[in-house]
Amino acid sequence: MSGAAHIDAARRVSAAAMRRFDPARLRALVLKESLQAARDPSTLLIALVLPTVLLFLFAYAVSLDVDRVRIGVVVESPSAPAQALAAAFAGTRYLDATFARDRREVAEQVVSGALRGYVVIPQDFAHRLAARSGEPLVQVIADGSQPNTANYVANYAQGVVQTWRAGLGAEAPAAAVTLNPRYWYNAELESRRSLVPGAIAIVMTIIGTMLTALVVAREWERGTMEAVLSTPASVVEILIGKLLPYFLLGMLATLGATALAVFMFDVPLRGSLTALLLLSAVFMVPALGQGLLISSVTRNQFLASQIALFSGFLPAFMLSGFLYEIEAMPAPIRAITWLIPARYFVSSLKTVFLAGDIWAVFVPNLLAMAAIGMLFFALARRATRKSLEP
């Protein structure tokens with residue numbers, strides 16, 4: 001055999017060795033990446049401190065509960081029934097009533113935002129009550145600049161009047177049907193119990209997508225990624241070695257966030273911890289894959305952070321059902337949400353925390369997250385070539 005043939009054979013053997021999966025090489029790459037992450041304060045800050053801060057913000061600063069809403073109560077009638085109804089508004093814990101004799105006193109406070117609306121008990125209130133003609137007993141005016149609060153003020157003010165009137169006994173017509181509402185999964189209707197599980201999805205998105213995109217892009221900027229690519233390790237080994245430490249960081253953050261949710265924020269975990277960890281592990285696949293794809297395409301930290309923000313964090317925050325109901329979105333936006341991995345994760349988290357292990361919900365979500373993740377990894381594998389060429 002000629003010398004050239006020997007060289008070609010040696011190259012083929014070397015290439016075959018490079019393509020062969022080697023656990024020892026993978027272990028070395030994982031150890032190297034773990035040590036690098038442990039020495040990087042920004043990585044530890046994003047992975048361990050930021051999740052805690054975000055959970056506290058979503059649990060205490062962000063609330064969809066409407067409680068102790070400030071309203072005015074204008075008592076124009078001096079009659080005893082009017083005074084009794086005013087006392088009913090003063091006695092409820094859901095409204096913070098400010099009393100006045102003239103509606104002009106409270107109208108200015110509504111304009112300034114000090115009050116969210118006001119109720120007028122008119123001068124002929126006693127006559128309207130005795131006539132039973134169907135004419136409204138009171139007038140309710142709410143600040144429509146905040147629609148949810150305005151609806152709350154209007155509905156609860158009417159509820160106070162109806163409850164007070166029903167308490168008059170024989171003087172008021174008896175209701176034909178009494179309704180006692182029951183709320184499943186979140187009987188107290190506390191928004192915290194819905195927001196905190198969804199916030200875990202936001203935390204995992206930050207760790208999986210943004211952190212991975214920044215760290216790998218930084219290696220491209222520094223040139224260390226080219227040094228790794230020049231080693232005998234295969235692209236698959238390099239990608240797994242890069243992502244496995246951040247996968248473990250994400251799972252650690254999930255355990256910490258779950259502990260905070262259950263023991264600090266009083267969110268029940270009605271499902272199993274096993275199901276929660278399985279859902280989190282599968283969600284990390286598209287999250288890490290998206291971050292890796294972003295870094296492989298951009299190879300620039302600033303650009304990677306911007307793309308990760310607009311394609312990862314913001315869709316997870318706005319289009320996952322975390323804050324806004326997907327069913328209330330326009331049809332084109334609803335179609336886009338099917339491409340957002342956080343949509344499936346938020347739905348699964350709310351289920352496992354508030355309802356339990358409902359695999360009829362979990363299985364389709366797991367399959368969707370896995371499919372999106374495999375697509376991201378396939379694209380990232382194609383973008384990350386075993387070459388020093390850009």
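The values are calculated or read from the model by the stated rules, or taken from the named source; none is laboratory data. Being a predicted model, the structure only gives us computed values, none of them experimental. Neighbour counts are summed over all protein chains in view; Cβ atoms, including those assigned to glycine, are modelled from backbone coordinates with ideal geometry.
Structure notes:
Okay, residues lined up against (1) in a helix (DSSP H, G or I); (2) loosely packed, with under 11 Cβ neighbours inside 10 Å:
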position: V106; (1), (2): yes, no
position: A114; (1), (2): no, no
position: S145; (1), (2): no, yes
position: Y152; (1), (2): yes, no
position: Y156; (1), (2): yes, no
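- Those residues of the stretch 295-327 which are closer than 20 Å to A217 by Cβ, surrounded by fewer than 17 Cβ atoms within 10 Å (Cβ to Cβ) and hydrophobic (A, V, I, L, M, F, W, C), in sequence order: F302, L303, L309, F310, L314
- Flag if F265 is in contact (Cβ under 8 Å) with a residue 24 or more places away in the chain, out of contact with any Pro (no Cβ under 9 Å at 6 or more places or on another chain), hydrophobic (A, V, I, L, M, F, W, C) and under 26 Å from V361 (Cβ atoms): yes
- Filter result for R93 (out of contact with any helix residue (DSSP H, G or I) (no Cβ under 8 Å at 6 or more places or on another chain) and charged (D, E, K, R)): yes
- You will find that of A199, A233, A259, A227, the residue that is in a helix (DSSP H, G or I) and touching a residue at least 60 places away in the same chain (Cβ under 8 Å) is A199 and no other.
- Note on the stretch 1-44: among residues that are assigned to a loop (DSSP other than H, G, I, E, B) and over 18 Å from L243 (Cβ atoms), the one that is modelled with the highest pLDDT is R20.
- Per-region count, the stretch 264-281, residues modelled with pLDDT of 90 or more and assigned to a helix (DSSP H, G or I): 9
- Of all residues in the stretch 74-95 being within 44 Å of the chain's Cα centre (by Cα) and assigned to a loop (DSSP other than H, G, I, E, B), the one that is nearest to A130 (Cα to Cα): T92
- Residues satisfying the criterion are absent from the stretch 282-291 (criterion: in a helix (DSSP H, G or I) and surrounded by fewer than 20 Cβ atoms within 10 Å (Cβ to Cβ)).
- Test: residue in the stretch 203-220 that is in a helix (DSSP H, G or I), more than 24 Å from the chain's Cα centre (by Cα) and surrounded by fewer than 18 Cβ atoms within 10 Å (Cβ to Cβ): no
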